[in-house]
There are 2 protein chains.
Amino acid sequence: MRINRKQGEMKARPVTSQRRLLLSVIQEAERHLDAKELYRRASERNPNISLATVYRNLHVFEKQGLINERHLGQARCYYEMKRLGEHQHLVCEACGQVIEFESPLIRKLVAEVQRKNNFSVTKVELYLEGHCHKCKEL
Amino acid sequence: MRINRKQGEMKARPVTSQRRLLLSVIQEAERHLDAKELYRRASERNPNISLATVYRNLHVFEKQGLINERHLGQARCYYEMKRLGEHQHLVCEACGQVIEFESPLIRKLVAEVQRKNNFSVTKVELYLEGHCHKCKEL
DNA sequence: ATGAGAATGAGAATCAATCGCAAACAGGGC
DNA sequence: GCCCTGTTTGCGATTGATTCTCATTCTCAT
């Protein structure tokens, strides 16, 4: 369960107030944020924070494995805290609601793909789009 | 097996030479193209074609269900002819190679998600990233 | 052949994301 | 506590992809 040791020795990163702020905003968020929304929320508490800093730190957090970067349909990226239990997204084309789900089939599927292709998979992103029960009827 | 009738009556779209050209380039492509590459290839046969036309028609083709839009990791979109047998993508982080795969588990998974969430799924995009057997060793 | 509506080309506009650089900061050593 | 070195930050400029605008051209049913 080593945190960060030898083997890729992570250089100590200064803990800056911006970094702390950004991480708390992400943690407090109910769900995924995109960079702009994160910037907006962070700006409320530190009006000086720069959008570039937001992007830079998102990359840092991702590299550190603190957050996940997700693509929800559009080109824009969304970010969320890494949680236990990988989940995937189901989006309604019509009303835009995002449902999170998980299934043991995913692990099974990934295992199969890894085996068949001799790959070691590090990232799984399943994106389903469709119509929710409400929008189906319209 | 109706082609396009009542119920959403698709308005006739003029068949333009650009449209025809773009579609053949996409069909002749071995794999996914992004807009720029499509533009490059189309320009070889019609140097006047505009990048805007490429984008416009990609959207048209997608709406018509002729092509699929895929997101391969990065922000950029890739397009490919719709083929029988949905396939998904496995990308090596290191060397960038893209492997296509399919598995009956995907259909099963989608069925499960549809049932549990009372959704009707119209688009399935599974993106796996990792290291291929060659890059694992480096 | 004609007219109405749709599509095109070219460049401007938009939007997300990145970069370059000078100034400010964090953290270890003294 | 103070200094030094390497990081990080803010800012403005930049890139790159995609979309928009609009005058012109084209397709096709009549």
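Some notes on this structure:
- Qualifying residue in region B:25-42 (condition: within 13 Å of chain A (Cβ to nearest Cβ), charged (D, E, K, R), more than 9 Å from DNA strand D (Cβ to nearest atom) and surrounded by 12 or more Cβ atoms within 10 Å (Cβ to Cβ)): no
- Flag for A:Arg115 being exposed (fewer than 14 other Cβ atoms within 10 Å of the Cβ) and within 13 Å of chain B (Cβ to nearest Cβ): yes
- For the residues B:Glu93, B:Glu86, B:Glu100, the requirement of being more than 8 Å from every other protein chain (Cβ to nearest Cβ) and open to solvent by 80 Å² or more (accessible area, probe 1.4 Å) singles out B:Glu86.
- Any hit, region A:55-65, residues being away from chain B (no Cβ under 14 Å) and either among the β-branched types (Val, Ile, Thr) or within 20 Å of B:Lys123 (Cα to Cα) (or both): yes
Table: residues versus (1) at pLDDT 90 or above; (2) in the same structural domain as B:Arg41 (by TED's automatic domain parsing); (3) touching a helix residue (DSSP H, G or I) at 6+ places or on another chain (Cβ under 8 Å).
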residue: B:Ile67; (1), (2), (3): yes, yes, yes
residue: B:Leu72; (1), (2), (3): no, yes, no
residue: B:Gln97; (1), (2), (3): no, no, no
residue: B:Leu109; (1), (2), (3): yes, no, yes
residue: B:Val124; (1), (2), (3): yes, no, yes
residue: B:His131; (1), (2), (3): yes, no, no
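- Region A:118-138, residues that are within 18 Å of A:Cys92 (Cβ to Cβ) and facing chain B (nearest Cβ under 7 Å): A:Leu126, A:Tyr127, A:Leu128, A:Glu129, A:Gly130, A:His131, A:Cys132, A:His133, A:Lys136
- Taking region A:74-95 as the range and being among the hydrophobic types (A, V, I, L, M, F, W, C) and touching a helix residue (DSSP H, G or I) at 6+ places or on another chain (Cβ under 8 Å) as the test, the residues that pass are A:Cys77, A:Met81, A:Leu90, A:Cys92, A:Ala94, A:Cys95.
- Residues in region B:70-83 that are open to solvent by 30 Å² or more (accessible area, probe 1.4 Å) and in contact with an Asp or Glu (Cβ under 8 Å, 6 or more places away or on another chain): B:Arg76, B:Tyr78.
- Taking region A:121-138 as the range and being in contact with a Phe, Trp or Tyr (Cβ under 9 Å, 6 or more places away or on another chain) and touching a residue at least 24 places away in the same chain (Cβ under 8 Å) as the test, the residues that pass are A:Val124, A:Glu125, A:Leu126, A:Tyr127, A:Leu128, A:Gly130, A:His131, A:Cys132.
The values are calculated or read from the model by the stated rules, or taken from the named source; none is laboratory data. Bear in mind that the values here come from a model prediction, so they are computed numbers and not experimental data. A quick note on method: Cβ atoms are made from the backbone with ideal geometry, for glycine too, and the neighbour counts reach across all protein chains shown. For accessibility, only protein heavy atoms count, side chains too; no ligands or nucleic acids. Shrake-Rupley method; radii C 1.70, N 1.55, O 1.52, S 1.80 Å.
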